[in-house]
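Structure first, then comments.
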Amino acid sequence: MVELKQQHSKPTPIVPEKSVSGRTLMLLIAIMTFLCAVTLGGVILIQKSALAWSQDVGREVTIQISPVEGELMDANLRLAETIAEATKGVANARALSIEESEDLLKPWLGEGLDLTELNIPRLIIVRLSDPANADLETLENELKIIKGASLDRHDVWRTQLNSMAGTIVFSGVLGLVLIILATLLATVFATRGAMATNREIVDVLHFIGASNRFVAKEFQGRFLKIGFRGALIGAIFALIFFVLMGALSSNILPNSSSEQVSILFGTFSLGIIGIFWILMLVPIIAGLTAFTSRMTVRRFLSQIAW
Amino acid sequence: MIEFENVGLRYGDGPEVLKDVSFSIEPGSFHFLTGPSGSGKTSLLRLLLLSLKPSSGTMSMFGEDITNLKRERLLELRRHIGIVFQEFRLLEHLSTFENVALPLRVLGQSEENYKDNVTELLEWVGLGDRMHAKPALLSGGEKQRAAIARAVIARPEILLADEPTGNVDPALSERLLHLFAELNRMGTTIIVATHELNMLKKFDYPCLQLTENGELNYG
């Protein structure tokens, strides 16, 4: 009796656990989940960066003063600063030094640049204390007294940034849906294969009076396990991928490149919400796999003999 | 318990396998089903197992008209029927104990509840020491006894057996039929399909005899 208790403490699954199709499907689900998680993580990173960038850009405007013959650049810069700081809703205004302008152009024009030899426009960064109520119309009008001065509200940038981010997020979500659909289709084929392989088991279960629900439950349980394991493996690899990419971008790229990558794409930090959604893919994909399998089994059973 | 009235059966558009078959079987009776190869014994057993629908005629079992029942109800009724296949049809990845316990597992019983019953039944059919062996390690006779144990573990009202002695030696055949007779004495209705005339002579039970063209003689 003791021996019996030990040997039968956990009944053997009616659908055999070890089958080639099960391992293949688990690998496929792991790969699909990895792709889903990377897409989702990418979408989250881009959305986070676009939002942060849009907010940053919205908190400041730029006065650009182009060199005009006969005009004193330094005097014009000081005048523009004064006009800006007197405008409602402006926190402060600061003209970029020649060195700062050189730093800005370094990633595009290279090191050792001497701007004094070039006749380039100078910039004044105007920080807004209250972006919604800043009187930029007045500022723009008053700047007309300075020859070569113009106000850049970054509207074009913001619109382009938002539409680019929107397009990437939409493409990412579409990609996610397609990957999940492909996973479910693979599950349908794998389930059909499993049903065909295990047809003898299905027939025996029917002959001893098992209902379709019981048979479907047995297969669903098997596919839930496969889906859960596969999705977990895929999600873990995706999280490792993001950690490695974060480390790569901050350690391997030169500092200036790393900074530019950060400015353009943000850091590779998903944050709690990103990690949460990637982990949420595990039960979602496992559940969808089990549900698809159950539906396929029910359909298969309804088509076989009386 | 079982009523067949002018039952005919054909597969698809093929010829009729069974023609105008009519008979009735009382609860607690024992019948042999005989006939030459291809006469439709297995098809008749499949009708009795509710895994085929008659193409014509009416068929009732357990007081219900089978021809009009829904699939799920048929599966429920099937739980009152045990079946022993000629080729055993044990699940290879399960132990003898688990194979025999399968009908109870399907009924939703936990191992704790059925463990003693299954063990007792396995001892009764002489497989007490083989309960942890997988079917691949069992002899033909052991497999057949395991299949019989699986068929009767849920105490079916009807036990169907398709050539249960086809794969065992004559001595074991006789023992198996004594086993069926014992189950019949305990109240189970038994129908055994066989083509072994020696068995029919040894056991004095009524016989449903199928002819080559799928008609039935009762005798």
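The values are calculated or read from the model by the stated rules, or taken from the named source; none is laboratory data. What you see is a predicted model; the values in this text were computed from it and never measured. Because the Cβ atoms are built from the backbone with ideal geometry, glycine has one as well, and the counts that use them run over all protein chains shown. The accessibility values were calculated without ligands, DNA or RNA, using every heavy atom of the protein model including side chains. Shrake-Rupley method; radii C 1.70, N 1.55, O 1.52, S 1.80 Å.
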(message) Need one word for chain B: rounded, prolate or oblate. Basis is the Cα gyration tensor (sqrt eigenvalues a ≥ b ≥ c); a/c below 1.5 gives rounded, then a/b vs b/c decides.
(response) prolate
(request) Whole Å is fine, so just give me how far the alpha carbon centre of region A:275-306 lies from that of region A:87-155. (result) 57
(message) Angle check, please: helix A:98-109 long axis (alpha carbons) against the longest principal axis of chain A (alpha carbons), in degrees 0 to 90, nearest 10.
(response) 40
(message) With every protein chain left in place and a probe of 1.4 Å, what is the accessible surface of A:W277, to the nearest 10 Å²?
(response) 120
(request) Estimate the FRET efficiency between A:S150 and A:N251 by the formula 1/(1 + (r/R0)^6), using the beta-carbon distance for r and 56 Å for R0, to the nearest 0.05. (result) 0.85
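Going by a ≥ b ≥ c, the root eigenvalues of the Cα gyration tensor, does the protein assembly as shown fall in the rounded group (a/c under 1.5), the prolate group (a/b larger than b/c) or the oblate group?
Details: a/c = 5.00, a/b = 3.60, b/c = 1.39.
The shape class here is prolate.
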(message) What would the Debye equation give as log₁₀ I(q)/I(0) for region A:67-147 at q = 0.15, 0.19, 0.21, 0.23 Å⁻¹, counting only Cα atoms as equal point scatterers?
(response) -0.63, -0.88, -0.98, -1.07
(request) Taking the Cβ of B:S22 as the centre, find all other residues whose Cβ is under 14 Å away and add up their charges (Lys, Arg: +1; Asp, Glu: -1). (result) -3
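Roughly how crowded by other chains is peptide B:111-120, in terms of the mean Cβ count from those chains within 10 Å of each of its Cβ atoms?
Values: counts 6, 2, 0, 0, 4, 2, 0, 2, 3, 0.
Partner Cβ neighbours, averaged per residue: 2.
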(request) Divide by every residue of chain A the summed helix terms, -39500 (n - 2.57) for each DSSP H run of at least 4, and state the resulting mean residue ellipticity at 222 nm, rounded to the nearest 500 deg cm²/dmol. (result) -24000 deg cm²/dmol
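What shape does region B:1-90 take by its C-alpha gyration tensor, where a ≥ b ≥ c are the square roots of the eigenvalues and a/c under 1.5 counts as rounded, a/b above b/c as prolate, and the rest as oblate? Mind dumping the intermediate values first?
Working: a/c = 1.26, a/b = 1.08, b/c = 1.16.
In terms of gyration-tensor shape, rounded.
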(request) Quick one: pull the percent of accessible area on the protein assembly as shown belonging to carbon and sulfur, 1.4 Å probe, ligands and nucleic acids left out. (result) 57
(message) Just to check I understand the Karplus step: with θ = phi - 60° and J = 6.51 cos²θ - 1.76 cosθ + 1.60, what whole-Hz values come out for region A:202-208, glycine and proline as x?
(response) 4, 4, 4, 4, 5, 5, 9
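If you count, for every residue in A:154-160, the Cβ atoms of partner chains within 10 Å of its Cβ, what is the mean? Display every interim value, and only then the final one.
Numbers: counts 0, 0, 0, 0, 0, 0, 0.
Rounded to a whole number, the mean comes out at 0.
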(request) Could you pull the accessible area for A:R127 with a 1.4 Å probe, rounded to 10 Å²? (result) 110
(request) Kindly report, to the nearest 10 Å², the accessible surface of A:D152 as traced by a 1.4 Å probe over protein heavy atoms only. (result) 70
(request) Taking a cut-off of 25 Å between Cα atoms, list the lysines near A:K144, but don't count ones fewer than 8 places away on the same chain. (result) A:K88
(request) Can you pull out the buried accessible area for chains A and B, both sides counted, probe 1.4 Å, rounded to the nearest 100 Å²? (result) 3000
(request) Note every residue of region B:31-74 with a reduction of at least 30 square angstrom in accessible area, all protein chains present versus the isolated chain, computed with a 1.4 Å probe, or write none. (result) B:S51, B:K53, B:R71, B:E72
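Extension gain A:R23-A:A182, at 0.36 nm per residue separation less the Cα-Cα distance, in nm? Could you put the intermediate results ahead of the total?
Working: separation 159, 0.36 × 159 = 57.24 nm, distance 1.74 nm.
Roughly 55.5 nm would be gained on extension.
Take peptide A:213-224, look around each residue's Cβ out to 10 angstrom, count Cβ atoms belonging to other protein chains, and average those counts. Don't skip to the answer; put the middle values down first.
Working: counts 2, 5, 2, 0, 0, 2, 0, 0, 0, 0, 0, 0.
The per-residue average across the peptide is 1.
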(request) May I ask you to derive the FRET efficiency for B:R71 and A:L244 from their Cβ-Cβ distance with R0 = 45 Å, giving the value to the nearest 0.05? (result) 0.25
(request) State the Cα centre-to-centre distance between region B:69-112 and region B:6-43 in whole Å. (result) 24
(message) Assuming 0.36 nm per residue, please report the length gained on full extension of the stretch A:K88 to A:T12 beyond their Cα-Cα distance.
(response) 19.7 nm
(request) Specify the inter-centroid distance of region A:197-225 and region B:144-208, based on alpha-carbon positions, in whole Å. (result) 28
(request) Just grab the label-to-label distance for A:D74 and B:E64, each label 7 Å out from Cα along the Cβ direction, in nm (one decimal). (result) 10.3
(request) Would you compute, from DSSP H runs of 4+ residues alone, the mean residue ellipticity of chain B at 222 nm, taking -39500 (n - 2.57) per run and dividing by the full residue count, rounded to the nearest 500? (result) -10500 deg cm²/dmol
(message) If you count only protein heavy atoms with a 1.4 Å probe, what accessible area per residue comes out for the protein assembly as shown, rounded to a whole Å²?
(response) 51
(message) Just to verify a number: FRET efficiency for A:I275 and A:T167, C-beta to C-beta distance, R0 = 35 Å, to 0.05?
(response) 0.90
(message) Suppose each label sits 7 Å from its Cα in the direction of the beta carbon; what would the A:R192-A:E140 distance come out to in nanometres?
(response) 6.2
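Heavy atoms only, 1.4 Å probe, whole protein assembly: order A:E200, B:E26 by accessible area, highest first.
Details: A:E200 75, B:E26 110 Å².
Ranked from most to least accessible, the order is B:E26, A:E200.
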